[in-house]
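J.: Submitted below is the structure of interest, expressed as C-alpha cells.
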C-alpha cells in the first residue's frame, strides 16, 4: 500500500477529501518539511480503547468511580445490569 504524503497546508485546504482518502490508505502529514502525523482509518477496538484511555476526562471518570466504590458508594453488579437493561 502506497502512503500519501501531504503538507499541513494541503490538509487545511482539503480536509474532507484527505480524511476520505485516509480511510483507504495512510496519509502522512508533514509540517515544516518533516513528518508530523499519520492519518488512518480507525478500524479496531484496540485503537479506540487506546484513545479512550488517553482521554483526561475518561480517566477522571474512572478515578471518581473508584473513589466512590472505595467509599462504599458503589452499585452492585446486578443492580447496574438491571439499570442498563431498562
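J.: Here is a list: 23, 81. Which entry is out of contact with any helix residue (DSSP H, G or I) (no Cβ under 8 Å at 6 or more places or on another chain) and surrounded by 12 or more Cβ atoms within 10 Å (Cβ to Cβ)?
T.: Numbers: 81 fails: surrounded by 12 or more Cβ atoms within 10 Å (Cβ to Cβ).
Every option except 23 fails the conditions.
J.: Pull out all pairs, ordered by first then second residue, where Cβ-Cβ is under 8 Å, the residues are six or more apart or on different chains, the first lies in segment 68-86 and is without any contact (Cβ under 8 Å) to a residue 24 or more places away in the chain, and the second is exposed (fewer than 11 other Cβ atoms within 10 Å of the Cβ).
T.: Matching pairs, first to second residue: 75/83.
J.: If you go through segment 27-67 one residue at a time, how many are assigned to a loop (DSSP other than H, G, I, E, B) and either in contact (Cβ under 8 Å) with a residue 60 or more places away in the chain or more than 30 Å from residue 16 (Cβ to Cβ) (or both)? Reasoning before the result, please.
T.: Restricting attention to segment 27-67, the residues satisfying the condition of being assigned to a loop (DSSP other than H, G, I, E, B) are 32-33, 40-44, 54-55.
Then keep just the ones that are either in contact (Cβ under 8 Å) with a residue 60 or more places away in the chain or more than 30 Å from residue 16 (Cβ to Cβ) (or both); that gives none.
The number of residues fulfilling the criteria is 0.
Every number here is computed from the coordinates shown, using simple stated rules; none is lab data. This is a predicted model, so every value here is computed, not measured. Cβ coordinates were reconstructed from backbone atoms using ideal geometry, including for glycine residues, and neighbour counts include every protein chain displayed.
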